[in-house]
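The structure appears right after this line, and notes come after that.
The values are calculated or read from the model by the stated rules, or taken from the named source; none is laboratory data. Computed from a prediction, not measured in an experiment: that's the story for all the values here. Please note: Cβ atoms are built from the backbone with ideal geometry, for glycine as well, and neighbour counts cover all protein chains shown. The area values use the complete protein model at the heavy-atom level, side chains included, leaving out ligands, DNA and RNA. Shrake-Rupley method; radii C 1.70, N 1.55, O 1.52, S 1.80 Å.
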Amino acid sequence: MITEINIDALVGPSHHFGGLGVGNVASQQHAYRTSRPREAALEGLRKAALVASLGVPQYIFLPPPRPRFSWLRELGFSVNSSEQLSETLHTTPQAFSAAFSSAFMWAANMATVSAACDCSDNRLHVTPANLISSWHRAGEAAERTIDLNSLLSSLDSYSIHPQLSAIVPLRDEGAANHMRLCDTTGKIGINIFVHGDDPEPGTCDWKFLPRQTRAACEAVARRHQLDPQRTFYLRQHPVAISAGVFHNDVIATSHGRLLIHHELAFHEGQSELLRLDDCFQKATGAPLLRIEILTSDLPLDEALRSYFFNSQIVTPRASSLSNPAPQMVLISPQQCAEIPSTRRLIEQLIASTENPIEEVHYVSLEESMANGGGPACLRLRVPLERDDIDKLPRQLRLDRQLAERLSAAIERWYPESLELADLCDLSFAEELSQVSNQLQKAILL
């Protein structure tokens, strides 16, 4: 039996609104507004604790140190005084913001993960994403490779590959553009990669640069030794990308045998979707539960405002035989409850007997949402055998005690509010860089 663990990346103390997200309308709309790092971290932690309370194995990665002064020096900036930091902000605000960025909080971009049972060598395969589309994310792969190795090092069989070459044709944004469908045991898997390439160069007038390329998807699939007959490549719809759908997980979601997507998620994808339906039926002996949401039921702009498709779907574990768990639970942004179209849609999903979603939890993620990230953005899924989960480091698994310790550390060490100019104070910046050490103490207690 394969169980999906969730890894959430804790928001860092320098969380701010730099407006650096390519094609991310929310990020750009909130650029340079006052942020609330303490509340951002607590919101993300509360969401992860909710998942853990449902019996889903939930793990936490701590924020890597920020700022990245060494990176700014590579770009030719001097950062030895508050005056020099102010000059950097004034002359190149993108680089300054990127050096302090907490974008690593969106763990769905950390890597692409393939279940061992999907790979011909029966090894779990992981490729950290190169994230080269944006100023602020391209330096994360090395940091998260260390974290992933620390988590998985006790497993008998796994491979963590280097990131793909940092060249434009191999732009890779990780699991935010990858979906895995599977049977009820989790052992028969179908992999879907979503990319934004033109079928022919120059055939589309892009408003925003597509962040994922088909070449990157195919390279990851080859590395992971996935079965070509059970691997699909779908193209993001240009209309959706131009509207602000920068990742597939903003317009489609999946869990187990369930796939929910907007009708504008994929461009000319109907034949591939029908082939996917057929492949799933033949591989698992059961039909794929594929739900297409029409624009008439959920306009594209409301899908983006609500982040409905970035809802997190989990399979809870029953607390006792007398207290059976729902088949699937939806964890949705609070915005979904406030927008009539998405609230109505969720109520219809729960009421229907034709899909396994039986319950919804609405969560407040105002700080993450303002930067363009919902519940699913904050987590990476790793499918593992139950015996392998038992081998993972216990100190990284979130339970009530760890959540309380991390909450106390966040309350003590994180700034309540933050503006970009505040980061020009060298002593303050150096204090923020030490917060990771305080969080590490909370983990090790």
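Considering only alpha-carbon pairs that sit under 8 angstrom and 6 or more positions apart, the relative contact order computed for the range 85-201 is 25 percent. May I ask for the angle, rounded to the nearest 10°, between helix 214-223 and the longest principal axis of the chain, with both axes built from Cα atoms and the value confined to 0 to 90°? So the inclination is approximately 80 degrees.
Working note: Karplus 6.51/-1.76/1.60 with θ = phi - 60° gives the range 385-394 the couplings 5, 4, 4, 5, 4, 5, 8, 6, x, 5 Hz, where Gly and Pro are set to x.
Could you please report the charge total around Glu39, scoring K, R as +1 and D, E as -1 over all other residues with beta-carbon less than 9 angstrom from its beta-carbon? With Lys, Arg at +1 and Asp, Glu at -1, the net is -2. Scaling against 2.2 N^0.38 Å puts the C-alpha radius of gyration of the range 72-144 at 1.53. The DSSP beta bridges internal to the chain are antiparallel in roughly 55% of cases. Amide H contacts for Gln327 (H built 1.01 Å from N in the peptide plane; partners 5 or more residues away or on another chain; cut-off under 5 Å): Glu358. Entry note, the chain: the mean residue ellipticity at 222 nm calculated from DSSP H runs of n ≥ 4, each adding -39500 (n - 2.57), is -10000 deg cm²/dmol after division by the residues and rounding to the nearest 500. Between the helical axis of 435-444 and the longest alpha-carbon principal axis of the chain there is an angle of about 50 degrees. Taking R0 as 30 Å, what FRET efficiency do you get between Gln401 and Asp277 from their Cβ-Cβ distance, rounded to the nearest 0.05? Using R0 = 30 Å, I get an efficiency of 0.10. Close amide H contacts of Tyr233 (hydrogens built in the peptide plane, cut-off under 5 Å, sequence separation of 5 or more or a different chain): Phe193. In this structure, the residue pairs whose Cα-Cα separation is over 24 Å, taken from Lys187/Lys391; Lys282/Lys391; Lys47/Lys187, are Lys282/Lys391; Lys47/Lys187. Rounded to the nearest Hz, the phi-derived 3J(HN,Hα) couplings of the range 55-62 under the Karplus curve 6.51 cos²θ - 1.76 cosθ + 1.60 (θ = phi - 60°) are x, 8, x, 10, 10, 10, 9, 7, where x marks glycine and proline. Between the beta carbons of Ser427 and Leu75, assuming R0 = 25 Å, the FRET efficiency works out to 0.65 to the nearest 0.05.
Relative to one another, the C-alpha centroids of the range 355-425 and the range 223-275 are positioned 26 Å apart. The peptide list 176-185, 163-172, 277-286, put in order of mean Cβ contacts within 10 Å with the highest first, becomes 176-185, 163-172, 277-286.
Surface composition of the chain: carbon plus sulfur atoms hold 50% of the accessible area, using a 1.4 angstrom probe and ignoring ligands, DNA and RNA. Computed over the range 340-445, the percent of Cα pairs more than 16 Å apart is 77. The loop-placed GluC sites (Glu not before Pro) in the range 347-380, going by DSSP, that have at most 13 neighbouring Cβ atoms within 10 Å of their Cβ come out as Glu354. Between amide H atoms placed 1.01 Å from N, distances below 5 Å from His262 occur with Ile293, all of them 5 or more places distant or on a separate chain. Averaged per residue, the chain has 40 square angstrom of accessible surface, using a 1.4 angstrom probe with ligands and nucleic acids left out. Note on Thr295/Glu338: beta-carbon distance plugged into 1/(1 + (r/R0)^6) with R0 of 25 Å gives a FRET efficiency of 0.80. What does the C-alpha gyration tensor say about the overall shape of the range 99-249? Classify as rounded when a/c is under 1.5, otherwise prolate if a/b is larger than b/c, or oblate. Here the range 99-249 falls in the oblate category. Helix 270-284 and the long axis of the chain differ in direction by around 70°, with both axes built from C-alpha atoms. Its Cα gyration tensor gives the range 391-445 an equivalent ellipsoid. The semi-axes, each the square root of 5 times an eigenvalue, are 27, 12, 8 Å from largest down. Sorting 230-239, 398-407 by average packing, meaning the other beta carbons within 10 Å per residue, from highest down gives 230-239, 398-407. Rg and Dmax over the alpha-carbon atoms of the range 291-391 stand at 15.2, 48 Å.
If the chain linking Gln440 and Ala142 were pulled fully straight, counting 0.36 nm for each residue of separation and taking away their Cα-Cα distance, it would gain 105.4 nm.
Taking the three principal axes of the alpha carbon atoms in the range 252-346, the coordinate ranges are 46, 40, 16 Å, sorted in descending order. Ellipsoid fit via the Cα gyration tensor, the chain: semi-axes of 33, 25, 22 Å, each the root of five times an eigenvalue, largest first. Residue ranking by accessible heavy-atom surface, 1.4 Å probe, largest first, among Trp413, Trp106, Trp135, Trp71 comes out as Trp135, Trp413, Trp71, Trp106.
Given their separation in residues at 0.36 nm each and the Cα-Cα distance between them, Asn149 and Glu87 gain 18.5 nm when the chain is fully extended. Listed by chain and number, the aspartates and glutamates whose alpha-carbon sits under 17 Å from that of Lys207, ignoring those within fewer than 8 places in the same chain, are Asp197, Asp198, Asp301.
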